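The next block holds one structure in the form of structure tokens; read it before the comments.
The values are calculated or read from the model by the stated rules, or taken from the named source; none is laboratory data. The structure presented is a predicted model; accordingly, all values stated were derived computationally and were not measured. Don't worry about glycine lacking a Cβ; one is built from the backbone with ideal geometry, like all the others, and counts go over all protein chains shown. Remember, those area values only see protein heavy atoms, side chains included, never the ligands or the DNA or RNA. Shrake-Rupley method; radii C 1.70, N 1.55, O 1.52, S 1.80 Å.
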Amino acid sequence: MSLPSASQSQWRLKYVSLGVLVLQTTSLVLTMRYSRTLLGEGPRYLASSAVVSAELLKILTCLLLVFYDHSFSVRALNRVLNEEILNKPMETLKLAIPSGIYTLQNNLLYVALSNLDAATYQVTYQLKILTTALFSVSMLGKRLGLYQWLSLLILMTGIALVQWPTESLGGPSSTPLSAGSQLVGVIAVLIACFSSGFAGVYFEKILKETKQSVWVRNIQLGLFGLVFGLIGVFVYDGERVRESGVFQGYNSLTWTVVALQALGGLVIAAVIKYADNILKGFATSLSIILSTLISYFWLKDFDPTSVFFLGAMLVIAATFLYGYEGKRPAINHSKV
């Protein structure tokens, strides 16, 4: 039985957005990690400043997309912004909660990458898949089948095996991390996992309850993120900003990280709109495997083991298991 053209279009958007998310997440992990460990002349760029720059770029991109959707009409763009943002203050204020949490989360991930090795960071951060599933059940009223719960368990096991820490090869640039710095990193990742799960599901609930454009929603989200981010810059890095400016330490690699982070927000919004948060988590998990493969074949800093291959197979199996279960319950459309 062939699907209607609308369903086929929805199916394409869903999996194209997931594919782009895998590529974007992989690139972001590699470039962000490299940018935070690269030794260069002058001060290192401020993580809080990079978060603000990404929010600003996301707002500008969404404005262009809304402009495009309305046939490049300035009058239509102005009307949409007034009607959907200025004239609906309560609807706009709803986005302050996930926006503030996302801003905190983005800053926490920079803290985590500065205090944890890549394996520990990536394994721990996958707890966001479980928190997202729990928040989806409690906030959206989703009912996960036995296979879906089993797939979550298999996924967590697979990711843990793929990223299981091995003995360091002791490269010349490796430096031991103190127990204190590792504790700071772990706490940062754990808070980010819970904030990611809650904010993602909260945003999904808002998107699916209204017919408002996902790009307009992202403009609203970005405006609050910009405000919260600027507060963070001047509260935590105010002295350094006064000394060397907001864009200190910026180079082409920094701007690449900023652009990838801004793109990530837009792709995730599309995934939430056309798929769901748990499926987004699986796409992110697959990107970790891709990042590990690139680390081995290109960066030459990873030695694969049989445990890695076992974990990779478990993640792939879990992905198919979740998708298989997700196709079946298409009858219950109760409102949340």
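Just a few scattered comments:
- Distant-in-sequence amide H partners of residue 245 (H built 1.01 Å from N, under 5 Å): none
- Peptides 306-312, 235-241 ranked from most to least packed by the mean count of surrounding Cβ atoms within 10 Å: 306-312, 235-241.
- Ranked by the mean number of other Cβ atoms within 10 Å per residue, highest first, peptides 97-110, 76-89 order as 97-110, 76-89.
- Solvent-accessible heavy-atom area per residue, rounded to whole Å², over region 7-137 at 1.4 Å: 49 Å²
- Modelled spin-label separation between residue 160 and residue 97, with each label point placed 7 Å from Cα along the Cα-to-Cβ direction: 3.2 nm.
- For region 203-272, the per residue solvent-accessible surface stands at 46 Å², with DNA, RNA and ligands left out and a 1.4 Å probe.
- Separation of the residue 236 and residue 214 label points, Cα + 7 Å toward Cβ, nm: 2.9 nm
- Given their separation in residues at 0.36 nm each and the Cα-Cα distance between them, residue 290 and residue 76 gain 72.8 nm when the chain is fully extended.
- Rounded FRET efficiency, nearest 0.05, which uses the C-beta distance separating residue 227 from residue 83 and R0 of 22 Å: 0.55
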